[in-house]
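The values are calculated or read from the model by the stated rules, or taken from the named source; none is laboratory data. Computed from a prediction, not measured in an experiment: that's the story for all the values here. Quick reminder, even Gly has a Cβ in these numbers, built from the backbone with ideal geometry, and neighbours come from all protein chains shown. Side chains are part of the model used for accessible areas, which takes the heavy atoms of the whole protein and leaves out ligands, DNA and RNA. Shrake-Rupley method; radii C 1.70, N 1.55, O 1.52, S 1.80 Å.
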Amino acid sequence: ILRIVRKIENPNDPDKPAYLTIAQAAVPETVRAAMVILIPAAKNKDGLLFNAKVQDLAAMKGGDTMFLNMTGLRIGIELGKEKFIVTPGQGKIHNPLGNQKSASLPIRLSYFHPERGEWDMITASTVALYSTRRELCIFNWDSGFQRVDYESITLPMVE
């Protein structure tokens, strides 16, 4: 179990501080290369300030892209000629490279707006993929702008 704590004052004994757990993740024994993703929690039944999601990076190979949906909405991915959906709370590892060492592909990220019953584009661009690195795209809910947002992370392959 991984815990992130904050030191707080102990009113019963000021010389011995107490610790408040603000995030916690249980890493399964089968995970070989753990990455713990923290997402701010608006309301968490356990009183934690962050929700934690454990991903096993050992499952990701060079050239792979993982799309991790930390929202309550469906996320649509168009990468090159391929289209797929990542459901709420789920992740999908995808490798469009095949035998290529690198490729530049058009990418379009969208989410399904349940009230309007249609897809809203988050962004569209071109992405460069290489067999020497892994890409991670984490979708989250931006409460300030009331929309889906994402973070993109590049992880080099380490032998």
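What the table shows:
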{"quantity": "Heavy-atom SASA rank of 130, 19, 150, 111 (probe 1.4 Å, accessible area, largest first)", "calculated": "19, 130, 150, 111"}
{"quantity": "Whole-number accessible area per residue in Å² for the range 48-159, which is evaluated in the context of all protein chains at 1.4 Å", "calculated": "56 Å²"}
{"quantity": "Inter-site label distance for residue 54 and residue 155 at 7 Å from Cα along Cβ, in nm", "calculated": "1.4 nm"}
{"quantity": "In Å², nearest 10: area of residue 133 left accessible to a 1.4 Å probe", "calculated": "70 Å²"}
{"quantity": "Backbone N under 11 Å from the residue 100 label point (7 Å along Cα→Cβ), restricted to the range 123-151", "calculated": "127-131"}
{"quantity": "For residue 74, residues with placed amide H under 5 Å, excluding near neighbours", "calculated": "112"}
{"quantity": "Prolate/oblate/rounded label for the chain (Cα gyration tensor, a/c 1.5)", "calculated": "oblate"}
{"quantity": "Inter-centroid distance (Cα atoms) of the range 17-77 relative to the range 133-155, Å", "calculated": "13 Å"}
{"quantity": "Where 115, 82, 135 fall by accessible area, highest first, once all protein chains stay in place (1.4 Å)", "calculated": "115, 82, 135"}
{"quantity": "Accessible surface of the range 1-118, 1.4 Å probe, proportion on carbon and sulfur as whole %", "calculated": "49 percent"}
{"quantity": "For residue 53, solvent-accessible area (1.4 Å; no DNA, RNA or ligand), Å²", "calculated": "50 Å²"}
